[in-house]
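What follows is a set of notes on a single structure, which appears directly below.
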Amino acid sequence: FTVNLHNIRRVAMNIKAIIFGSTGMVGQAVLLECIEDPRVEAILVVNRRLAGIKNDKVKEIIHHDFFDFSSIVKDFSSYNACFFCLGVSVVGLKEAEYYKTTFELTIAAAKAITQARTDFTFCYVSGTGTDSSEKGRVMWARVKGKTENALLSMPFKNAYMFRPGYIQ
């Protein structure tokens with residue numbers, strides 16, 4: 001029993017997570033997992049529209065300018081993890097538009113978080129085929145690679161890039 005209690009205390013990491021994109025398919029799944037996980041004690045969702053999830057762990061901020069988080073950066077300081085699940089399909093987008101919504105938006109959020117604190121774990125949902133060299137012929141893969149590289153160079157305690165191959 002003592003060993004089990006020790007393990008429970010060790011695993012209970014007091015995760016306080018920020019989720020960007022909780023109204024999308026991936027973000028909503030992450031939100032539901034965080035609600036169910038006893039290690040997660042608080043969740044801040046930052047959305048453009050209501051997620052519609054009612055739970056004591058969840059605080060929601062409706063924020064309309066995802067390129068400027070200066071008005072809410074103070075809200076990030078009591079959290080220690082981020083799941084960045086925002087994303088768009090490349091279908092029908094020109095490179096400049098995809099770059100703005102993939103690279104610039106992600107980095108704006110990441111910079112705001114590092115303004116609040118750096119002892120932070122940042123998890124980014126990317127994709128299989130991402131081009132870390134940033135030199136390949138496939139536009140979306142270069143942009144995702146540049147985004148990953150920028151995140152990995154930021155002063156986070158940990159940064160993880162998730163590259164799902166297929167999401168159903």
Label L32 and Y160 with points 7 Å out from Cα along Cα→Cβ: what is the distance between them in nm?
2.0
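When the helices in the chain are scored as -39500 (n - 2.57) per DSSP H run of 4 or longer and the sum is shared across all residues, what 222 nm value do you end up with, to the nearest 500 deg cm²/dmol?
Values: 5 runs with 53 residues, N = 168.
The per-residue figure over the chain is -9500 deg cm²/dmol.
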Using label points projected 7 Å from each Cα along Cα→Cβ, tell me how many nm separate I167 and I61, to one decimal.
2.2
Modelled label-to-label distance, E95 and V138, 7 Å Cα→beta-carbon offset: nm?
1.6
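How high is the relative contact order of segment 101-168, given as a whole-number percent (alpha carbon pairs under 8 Å, six or more residues apart)? Can you show the working numbers first?
Details: 92 pairs, mean separation 28.0, N = 68.
Rounded, it is 41 percent for segment 101-168.
Counting Lys and Arg as +1 and Asp and Glu as -1, what is the net charge of the other residues whose Cβ lies under 12 Å from the Cβ of L151?
Values: positive: K111, K144, K146; negative: E148.
Net charge in that neighbourhood comes out at +2.
Relative contact order, percent, of the chain when contacts are C-alpha pairs under 8 Å separated by at least 6 residues? The partial results should precede the final answer.
Values: 284 pairs, mean separation 32.1, N = 168.
Dividing the mean separation by the residue count of the chain yields 19 percent.
Report, to the nearest whole %, how much of the accessible area of the chain belongs to carbon and sulfur atoms, 1.4 Å probe, protein only.
In the chain, the share of accessible area belonging to carbon and sulfur is 54 percent.
Please list T23, T128 from largest to smallest accessible area, probe radius 1.4 Å, with all protein chains kept in place.
Working: T23 50, T128 80 Å².
Sorted by accessible area, descending: T128, T23.
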Mind checking the per residue accessible area of the chain for me, 1.4 Å probe, whole number of Å²?
57
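The values are calculated or read from the model by the stated rules, or taken from the named source; none is laboratory data. Here the structure is a predicted model, which means the values were calculated and not measured. Positions of Cβ are backbone-derived with ideal geometry, glycine not excepted, and every protein chain shown enters the neighbour counts. Quick note on the areas: whole protein, heavy atoms, side chains included, nothing else; ligands and nucleic acids left out. Shrake-Rupley method; radii C 1.70, N 1.55, O 1.52, S 1.80 Å.
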